[in-house]
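Participant: Please find one structure pasted underneath; my questions will follow.
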Amino acid sequence: MSVTQAETLSVVVERELAHPPEKVWRALTQPHLIEAWLMKSDFRPEVGAAFHMDAEWGGVDGEVLEIEPNRTLAYTWAGKGLESVVTWTLTPSGAGTRLRMEQTGFRPDQQLAYRGATAGWPRFLEGLERVLAGLD
């Protein structure tokens, strides 16, 4: 039996945040806030906008695919041979916001990138929570 299309892996991280969706949205879309929890970035929340993020370990190039303010943000995430998509979903909840991050597109031969994302995103989201706690 031959497989014509390789299965890809996804990383999903979900958090209940004690902040309203509008505040979480700011931290996901404003470059100075993105830098505080993720990476230095020239991100613009506009569909079709290209952006670059930089960290000590390297850079990521992306393009905004979808925006529904305070609800959905999706962009490509390309770096070190990885072509993936990151989708943020914000759902109002009793405590504030249920935040879901899904990064899709890890090929079976990209175990190192997959393991890195599996370990990295929870740490990034901890940083996001610290940034949110400091916002008015």
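Values in this text are rule-based calculations from the coordinates and carry no lab data. Fair warning: this is a prediction, and the values are worked out from it, not measured in the lab. Quick reminder, even Gly has a Cβ in these numbers, built from the backbone with ideal geometry, and neighbours come from all protein chains shown.
Participant: Do you know the relative contact order of the stretch 75-136, to the nearest whole percent, from alpha carbon pairs under 8 angstrom that are 6+ apart?
Facilitator: 22 percent
Participant: Further question on the same structure: What 222 nm value per residue comes from the helices of the chain, counting each DSSP H run with n ≥ 4 as -39,500 (n - 2.57) and dividing by all residues, nearest 500 deg cm²/dmol?
Facilitator: The helix contribution divided over the chain gives -9500 deg cm²/dmol.
Participant: Label points 7 Å out from Cα along the Cβ direction at residue 104 and residue 46: separation in nm?
Facilitator: 2.7 nm
Participant: What does the convex hull of the Cα atoms come to per residue for the chain, in Å³?
Facilitator: Roughly 116 Å³ of hull volume per residue.
Participant: Over the chain, what is the relative contact order in whole percent, taking alpha-carbon pairs under 8 Å and six or more residues apart?
Facilitator: For the chain, the relative contact order is 30 percent.
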